[in-house]
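Okay, structure first, notes after.
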Amino acid sequence: MRRHSIQPIALWWQVLAAALLCLTSVTAVSAQHRRFLDRLRGSEQRPGAHGGVESEQRWDVAVTFSAQRSKTVTGTDGTFLMTGIGGNVYYNAFHGLGPVADLYFLRAANIAPHIDLSEYTYLGGLRYTLGTGSPSRAPKRLQVFAEGLGGRVQAFNSLFPGSSGSGVVKNATNLAIEGGAGVDWRVGRKIGFRVIQADFVQTYLPNGQLNIQRDVRVSSGFSAHF
């Protein structure tokens, strides 16, 4: 008799889908509530930190330079540095809580003799930001956020163990999860700096042993706020 079970990765995606569905519902209710309050007040604008008036911050877009400390195999001293660029988009749906999407491209040369590594990570999740403002308070110049995301990692131009002992392959893709925090400094109404963002990144690429990579990534760059 065949037994059916839910694989851990499939279960993880179901949990993420349920969380995004709940967030969408909260966003819709929040938007209706906000429109109702706007009609009562007549306007959502008020004096801001940079003169004139500022509305509650809704969107945050950042482009960063990133450096990531990685290992060839977890539990060994074979560390190497990956560098590249990244970007993320965040929407403040409900009092600083909202969806966020990340995309990073990183590369390292000679992680082993004559072996390089390039990889993309694309993830989605939730972020909570302090200082985005409210219907009665303008956004703050200094904003701190924390986030958790999940998605995929796609590695290429390298060597990975094939499935079922079938030699080696040049490309691999699998699950990726990430958690981190960062600080933004707004120097104007719309622009600012991503002073620092630090993330713990766990991926599940094949490496011939545990097939788990636990890395630390640090980023800094520019941000825009709307």
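The values are calculated or read from the model by the stated rules, or taken from the named source; none is laboratory data. Worth saying up front: this structure is predicted, and the values here are computed from it rather than measured. All Cβ positions, glycine included, derive from the backbone under ideal geometry; neighbour counts span all protein chains shown. Quick note on the areas: whole protein, heavy atoms, side chains included, nothing else; ligands and nucleic acids left out. Shrake-Rupley method; radii C 1.70, N 1.55, O 1.52, S 1.80 Å.
Structure summary
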item	result
First in region 96-122 and under 28 Å from Phe145 (Cβ atoms), second anywhere and open to solvent by 60 Å² or more (accessible area, probe 1.4 Å) and of a type in the set (Ser, Thr, Tyr), Cβ under 6 Å, 6 or more apart	Gly96/Tyr128; Leu97/Tyr128; Gly98/Tyr91; Pro99/Tyr91; Leu103/Tyr122; Phe105/Tyr120
Flag for Glu178 being open to solvent by less than 20 Å² (accessible area, probe 1.4 Å), assigned to a strand (DSSP E or B) and under 30 Å from His114 (Cα atoms)	yes
Candidate set from region 193-220 (those that are among the small types (Gly, Ala, Ser) and closer than 14 Å to Asn88 by Cβ); member that is farthest from the chain's Cα centre (by Cα)	Ser220
Inter-residue pairs, beta-carbon under 8 Å, first within 20 Å of Ala146 (Cα to Cα) and touching a residue at least 24 places away in the same chain (Cβ under 8 Å) and in region 197-226, second part of a loop (DSSP other than H, G, I, E, B) and open to solvent by 10 Å² or more (accessible area, probe 1.4 Å), 6+ apart	Gln202/Ile212; Thr203/Ile212; Arg214/Thr74; Ala224/Lys190; His225/Arg189; His225/Lys190; Phe226/Arg58; Phe226/Lys190
Subset of region 109-153 (residues that are of a type in the set (D, E, K, R), under 21 Å from Gln197 (Cα atoms) and in contact with a strand residue (DSSP E or B) (Cβ under 7 Å, 6 or more places away or on another chain))	Glu119, Arg127, Arg141, Glu147, Arg152
The one condition in (1) open to solvent by less than 30 Å² (accessible area, probe 1.4 Å); (2) farther than 22 Å from Asp60 by Cα that Gly125 fails to fulfil	(2)
Sole residue being closer than 18 Å to Gly180 by Cβ and modelled with pLDDT under 95, chosen from Leu149, Leu106, Leu142, Leu159	Leu142
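So that you can scan it fast, the table gives a plain yes or no per residue for (1) modelled with pLDDT under 80; (2) surrounded by 13 or more Cβ atoms within 10 Å (Cβ to Cβ); (3) basic (Lys, Arg):
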| position | (1), (2), (3) |
| --- | --- |
| Ser25 | yes, no, no |
| His33 | yes, no, no |
| Phe36 | yes, no, no |
| Arg58 | no, yes, yes |
| Thr74 | yes, yes, no |
| Thr79 | no, no, no |
| Asn88 | no, yes, no |
| Tyr91 | no, yes, no |
| Pro99 | no, yes, no |
